[in-house]
Amino acid sequence: MAYKSQIGTTITRKDAWDKVTGNAKYTGDFHFNESLHARVLTSPYAHARIKKIDTTKAENSKGIRTVITGNFSDILVGSMIADRPPIAKDKVRYFGEVVALVVADKEDEAQAAVELIKVEYEPLPVVNSIKDAIKENATLVHENFDSYAIPSKEVHHVANSNISNHVKIRKGNIENAWQTSDVIVEYEFNMPQADHLAMETRNAKCQISPDGTVDIYTSTQAPFGVKEQISTDYGIPEGKVVVHTPLVGGGFGGKASAAVEFLAYLASLAVGGKMVTIANTREEDISTSPSKLGAEGKVKLGATKDGKITGLECIYYINSGAYANTAPNMARAAATDCSGPYNIENIYCDSYCVYTNHTYATSFRGFGHGISTFGIEMAMHKLAKELGMDPLELRKINAIKEGDLSPTQSLMTLSNTGDLDKCISNLKNIMNWDAGNKITTDKGTIITKGVSCFWKTSSSPTDAGSGAVLICNKDGTINANFGVTEIGPGMKTTIAQIIAEKMKMDVNDIHVFMGVDTRITPKHWKTVASMSTFMVGNAAVSACEDLIRQIKEVASIALKCSAGDIEIENKRAFIKDDANQFVEFKDIAHGFKYKEGPSIHGELIGRGNYIAKHLLPLDFETGKGKSGVSWTVGAQGVEVEYNPEIHTYRLLRAITVIDVGKVINPKMAKGVIMGGMNMGFGLATREELVYDENAILEDTSIRTYKVMHFGEQPEYIVHFVETPQIDAPFGARGIGEHGILGIPAAFTDAIQQATGKEFHKIPILPEMIWKTVTGGKQ
Amino acid sequence: MIGFDFEYYKPNTVDQAVKLFNDLDSSGKAAIYYGGGSEFISMARVNTVYADAVIDIKEIEECNQYKMVGNDLVIGAGVTLTEIAEGDLFPPLTKAVKRIADHTMQGKITIGGNICGTIIYREAVLPFLVSDSRIVLANKYGQREELLRSIFDERLKLNKGEMVVKIIIPGEFLSLPYMHVKRTKNETIDYPLISMVALKNKGKIHMAFSGLGDYPFRSHNLEKFLNSDMFSKEEKIQQAVNSIENKINDSLSGSKEYKKFMLCNVLNTVLEDL
């Protein structure tokens, strides 16, 4: 039987049957009878001093094991800036912050006791916006910033301010750029905080065994990150912390750093190491656990009259909320790719990460690139209008290409970036672009087309790495173990396909360990940054090469030839020039036995690893450095139908053309891009954390916090361009986040064309359109 | 997860139900009547409602009727929104209930629960306010029948321990020309920015609203302007909006001014098309 390629073809996900039958198990599905339960009391104020906490009544309530407050532990956590007590101490900095934790035999007993805790607060002035945060003599969210440990070497705090990090990009000479510009445009924008709203709310269990082993069961994108954070922050030898992660019900970045895990650990510690379960309600998942960052920005763009961009000056303020978490790095990511996928020789960019008294933010799909994409793309629209030029033509003229330098002065190649020009051309065809962009229908509605391009790199640490281990079954099939968590996009299946392709065997003969157990699974940095296919795929390829080397070594003995004579395919090793002489994998997988009885070699175990190469931190003064191995580029289009009578709209069609390098699994790849596009529409049209004048979060449940619902989505079209990335497994680039990036700008462009007005804030709700178009009059 | 324990009762008759309420109340227990449970469960888990005991009325036959009795339509308090929509016996009611919550919840929410609930919109009441619908209530002293809108002021004015048994819609209102309009912030399924039911009865428009303010209402002042012969359409709309100006407020769904804009648009549609 001839071998059939296992990539570029749609293969049913490895987790499909379990998921469609309800047999799939998530963290919360593993019940331990002995487990105690924790519930938290959260702050009703956004900024207040904690004067007194009376837990007496709660402690005497039924089934209560203990009640702990911020006094239980002095340790501050935070992977970049250690600024956050897992339970608030002395003061609260956002509405919903944990102020006390109750451990009880049963969850309802814990909840009942929570209601009995009395806290006295002294309200403080709130920092309710980026403007509040950066004004002169602003109230400080962290008045003792200088006492914090700062694990990240790339944090540049501005003294006595709410600015936790400042990132600069200085490329070329911006003054010269303005002098050679025929046209200069400026665009200001505001993107509020939002929620990840993963289906599975964050939840964890922790147990501390008598020998000191800390077992944590958690829904995370970063089991190894949790292990390292708990180990480092609480001084536990790393090998004693074991993190177990089964299937994860969505993450979108919200589970990329430890949050409830700290509470589970402290709760278990407080009850002598007994197992404690903690699970967020939806309301807590929105208001207590971290959210998506907010941002404000200003972009100034110059060009010659033939459309060549001369310079870019931009300033971004990233609202990290009350604690820094990964936001300083997202401020950096927004800066490093601030040009969008365009060649701009003169760039002057400042990106600031600021504290406010809002829900603290963490990583979110796009990792800062959503902000820079919106800013540059909206400025590009304004520039095209000013120049009287087709917006896609303007993008083509300036599209990044081989030999250009990124804002951080990394050298671009076709391999490390892809073919944006081709993406734009294909988008034009699919959108029927030349047929015109504005149609008035018989009903009086207006149909318009909006566009955007995007690019994104990983913004990963310079030492981010992955590993993979392959072990064999006696029947010649392979068990694969690697550290990517299955958060939804089908990564376990994608990697299985890469292994199958490399081993030239059927993917059904590749069995994957669906979970991650940090004591037995080789590390993968984190399941983030659209890097799993690339990093784990490369580790898997290297593990296959190791396994193949061993197969050839044993087969060469069995077949009495040299290893160089051997080829493999369909679970057998054969002599290249005489395929009738072969040995089956099953006969060598656990050692080769001579017919007289003696055996050699033992089980074949393939091991492989990958570490990103040549990444460099940014130079603080110029921003020169390298923040990712490769970029993924693409172009997106949106068609909307606008009703000018009542200012509502319908989403008709949305298109993404993306250079993926090589498609491993077409349906899964389309699914992940569509998912991103759908989230993009959520941000563009409805998702927003709304705070009142006291910084109290108003939409804390999905009654009022709205996401895109099934049936509201437009028709989605996803088209792939394949320009291989040379150093990627079979050429496949990262695609996990990218679908979200250009949708808000493309949508806003469509609305701007339909209404003839400029918009500076998303989400764009019908009320905002009404106000913008009519000035807010009937 | 609900942080308190409560007793659960499922009586078979109205008499048993009201007696239970009375007995529980006498022994110092906070009791509530319970329909589909969607509101009680979702609010109890965030501790914004409390009860020592709930009295489930869904097994009571009288509360489960949904049929014509003579010329009139009778709807028991325990009938779900899905059942109402599927039976489709009072079209404006069908339209209104199909836009309350989502399909899953419509299978749980009862008509009595929606009208008596804590969530302020109570959109199912609108068709009853614009018709001469009657409501049957019961407590330990027995049953009474009232014109529904006469005891609906912001919400249903119930005496202590009183339960809704059923609603009766007189036959002559079942097939009148009507309109239902619901506009939201941006979604099909959401609380109303404005929810409106209008009937045309003997040439006169009756109209009730939810979403504009803190409670559903029917305004006779507004109807007076709309039904007047003295004004142009534009004047009618302006007068009508002015007449209920103080009932409209800012909310998460939209600002007062925006609601007024939508109201004008809705009134215009009604005047044009009904």
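What about B:ASP190, is it acidic (Asp, Glu), over 24 Å from A:ILE702 (Cα atoms) and not in a helix (DSSP H, G or I)? So B:ASP190 does not fit the description; no.
When you look at A:GLU722, is it open to solvent by 50 Å² or more (accessible area, probe 1.4 Å) and away from chain B (no Cβ under 14 Å), yes or no? Answer is yes for this residue.
Out of all the residues in the stretch A:736-761, which are surrounded by fewer than 24 Cβ atoms within 10 Å (Cβ to Cβ) and in a loop (DSSP other than H, G, I, E, B)? Within the stretch A:736-761, A:GLY756, A:LYS757, A:GLU758, A:PHE759, A:HIS760 qualify. Hey, does the stretch A:291-309 have a residue that's in contact with a helix residue (DSSP H, G or I) (Cβ under 7 Å, 6 or more places away or on another chain), polar (S, T, N, Q) and away from chain B (no Cβ under 14 Å)? No; the residues of the stretch A:291-309 include none that is in contact with a helix residue (DSSP H, G or I) (Cβ under 7 Å, 6 or more places away or on another chain), polar (S, T, N, Q) and away from chain B (no Cβ under 14 Å).
Name the residue, out of A:LYS305, A:LYS274, A:LYS298, that is outside any strand (DSSP E or B), basic (Lys, Arg), under 30 Å from A:ILE344 (Cα atoms) and open to solvent by 10 Å² or more (accessible area, probe 1.4 Å).
Details: A:LYS274 fails: under 30 Å from A:ILE344 (Cα atoms); A:LYS298 fails: outside any strand (DSSP E or B).
Matching residue, one of A:LYS305, A:LYS274, A:LYS298: A:LYS305.
For the stretch A:652-678, filtering for residues that are closer than 18 Å to A:LEU427 by Cβ and either open to solvent by 20 Å² or more (accessible area, probe 1.4 Å) or free of Cβ contacts under 8 Å to residues at least 60 places away in the same chain (or both) leaves 4.
Restricting to the stretch A:279-288, and then to whatever is polar (S, T, N, Q) and surrounded by 22 or more Cβ atoms within 10 Å (Cβ to Cβ), can you tell me which residue is farthest from A:ILE762 (Cα to Cα)?
Checking each candidate, the answer is A:THR288.
This table checks each residue for (1) closer than 30 Å to A:VAL690 by Cβ; (2) in contact (Cβ under 8 Å) with a residue 24 or more places away in the chain; (3) in contact with a Ser or Thr (Cβ under 6 Å, 6 or more places away or on another chain).
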| site | (1), (2), (3) |
| --- | --- |
| B:GLU187 | yes, no, no |
| B:ASP190 | yes, yes, yes |
| B:ARG218 | no, yes, no |
| B:SER228 | no, no, no |
| B:ILE237 | no, yes, no |
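Return yes or no: is A:GLY212 open to solvent by less than 10 Å² (accessible area, probe 1.4 Å), assigned to a loop (DSSP other than H, G, I, E, B) and modelled with pLDDT of 95 or more? When the stated conditions are applied, A:GLY212 does not pass them.
Filter the stretch B:217-243 for residues that are surrounded by 13 or more Cβ atoms within 10 Å (Cβ to Cβ) and within 14 Å of chain A (Cβ to nearest Cβ); which is nearest to B:PRO192 (Cα to Cα)? So, considering only residues that are surrounded by 13 or more Cβ atoms within 10 Å (Cβ to Cβ) and within 14 Å of chain A (Cβ to nearest Cβ), the one nearest to B:PRO192 (Cα to Cα) is B:VAL241.
Quickly run through the stretch B:169-194 and pick out the residues that are away from chain A (no Cβ under 14 Å) and surrounded by fewer than 19 Cβ atoms within 10 Å (Cβ to Cβ). Listed by number, the residues that qualify are B:PRO170, B:GLY171, B:GLU172, B:LEU174, B:SER175, B:LEU176, B:PRO177, B:MET179. The residues listed here are B:ASP5, B:ASP15, B:ASP25; of these, the one that is under 26 Å from A:ALA279 (Cβ atoms), over 24 Å from the mean Cα position of the chain (by Cα) and open to solvent by 40 Å² or more (accessible area, probe 1.4 Å) is B:ASP5. Close Cβ contacts (under 7 Å, 6 or more residues apart or on different chains) running from residues in the stretch B:257-273 that are more than 7 Å from chain A (Cβ to nearest Cβ) to residues that are surrounded by fewer than 16 Cβ atoms within 10 Å (Cβ to Cβ) and part of a helix (DSSP H, G or I) comprise B:LEU271/B:LYS233. All of (1) touching a strand residue (DSSP E or B) at 6+ places or on another chain (Cβ under 7 Å); (2) farther than 30 Å from A:GLU698 by Cα hold for A:ALA204 with one exception: (2). Return the residues of the stretch A:637-647 that are surrounded by 19 or more Cβ atoms within 10 Å (Cβ to Cβ) and part of a strand (DSSP E or B); say none if nothing qualifies. A:GLY637, A:VAL638, A:GLU639, A:VAL640, A:GLU641, A:TYR642, listed by residue number. Within the stretch A:125-143, can one find any residue that is more than 14 Å from chain B (Cβ to nearest Cβ), open to solvent by 10 Å² or more (accessible area, probe 1.4 Å) and farther than 23 Å from A:TYR691 by Cβ? No.
Kindly evaluate A:ARG84 against the criterion of being touching a Gly at 6+ places or on another chain (Cβ under 8 Å), surrounded by 17 or more Cβ atoms within 10 Å (Cβ to Cβ), under 30 Å from A:SER351 (Cβ atoms) and modelled with pLDDT of 95 or more. Judged against the criteria, A:ARG84 is a match.
Looking across B:ILE60, B:ILE55, one residue alone is touching a Gly at 6+ places or on another chain (Cβ under 8 Å) and either more than 14 Å from every other protein chain (Cβ to nearest Cβ) or acidic (Asp, Glu) (or both). It is B:ILE60. Select from the stretch A:679-708 the residues that are more than 14 Å from every other protein chain (Cβ to nearest Cβ) and either open to solvent by 10 Å² or more (accessible area, probe 1.4 Å) or more than 17 Å from the chain's Cα centre (by Cα) (or both) and list them in ascending order. Of everything in the stretch A:679-708, those that are more than 14 Å from every other protein chain (Cβ to nearest Cβ) and either open to solvent by 10 Å² or more (accessible area, probe 1.4 Å) or more than 17 Å from the chain's Cα centre (by Cα) (or both) turn out to be A:MET679, A:ASN694, A:ALA695.
Within the bounds of the stretch A:15-27, is there any residue that is over 30 Å from A:MET503 (Cβ atoms), in contact (Cβ under 8 Å) with a residue 40 or more places away in the chain and either part of a loop (DSSP other than H, G, I, E, B) or not aromatic (Phe, Trp, Tyr) (or both)? Yes; the residues of the stretch A:15-27 include at least one that is over 30 Å from A:MET503 (Cβ atoms), in contact (Cβ under 8 Å) with a residue 40 or more places away in the chain and either part of a loop (DSSP other than H, G, I, E, B) or not aromatic (Phe, Trp, Tyr) (or both).
Go through (1) in a strand (DSSP E or B); (2) more than 15 Å from B:VAL181 (Cβ to Cβ) and name the single condition B:GLY213 misses. Every listed condition holds for B:GLY213 apart from (1). With respect to being among the basic types (Lys, Arg), open to solvent by 10 Å² or more (accessible area, probe 1.4 Å) and in contact with a strand residue (DSSP E or B) (Cβ under 7 Å, 6 or more places away or on another chain), B:ARG155 falls outside the description. Residues of the stretch A:763-775 that are closer than 17 Å to B:ASN186 by Cα and either in contact with a Leu (Cβ under 6 Å, 6 or more places away or on another chain) or facing another protein chain (nearest Cβ under 10 Å) (or both): A:PRO763, A:ILE764, A:LEU765, A:PRO766, A:GLU767, A:MET768, A:TRP770, A:LYS771. Residues in the stretch A:127-163 that are outside any loop (DSSP other than H, G, I, E, B) and closer than 21 Å to A:ASP74 by Cβ: A:PHE145, A:ASP146, A:SER147.
Has the stretch B:196-214 got any residue that is open to solvent by 30 Å² or more (accessible area, probe 1.4 Å) and either under 23 Å from B:GLU154 (Cβ atoms) or within 11 Å of chain A (Cβ to nearest Cβ) (or both)? Taking every residue of the stretch B:196-214 in turn, at least one turns out to be open to solvent by 30 Å² or more (accessible area, probe 1.4 Å) and either under 23 Å from B:GLU154 (Cβ atoms) or within 11 Å of chain A (Cβ to nearest Cβ) (or both). The condition of being farther than 27 Å from A:ILE664 by Cβ, open to solvent by 60 Å² or more (accessible area, probe 1.4 Å) and at pLDDT 95 or above holds for only one of A:LYS19, A:LYS57, A:LYS14, that being A:LYS57. Within the span defined as the stretch A:331-342, every residue fails to be open to solvent by less than 10 Å² (accessible area, probe 1.4 Å), at pLDDT 95 or above and more than 21 Å from A:SER459 (Cα to Cα).
The values are calculated or read from the model by the stated rules, or taken from the named source; none is laboratory data. All of these numbers come straight from a predicted model, not from anything done at the bench. Positions of Cβ are generated from backbone atoms using ideal geometry, with glycine treated the same way; all protein chains shown enter the neighbour counts. Only protein heavy atoms, including side chains, enter the accessible area calculation; ligands, DNA and RNA are left aside. Shrake-Rupley method; radii C 1.70, N 1.55, O 1.52, S 1.80 Å.
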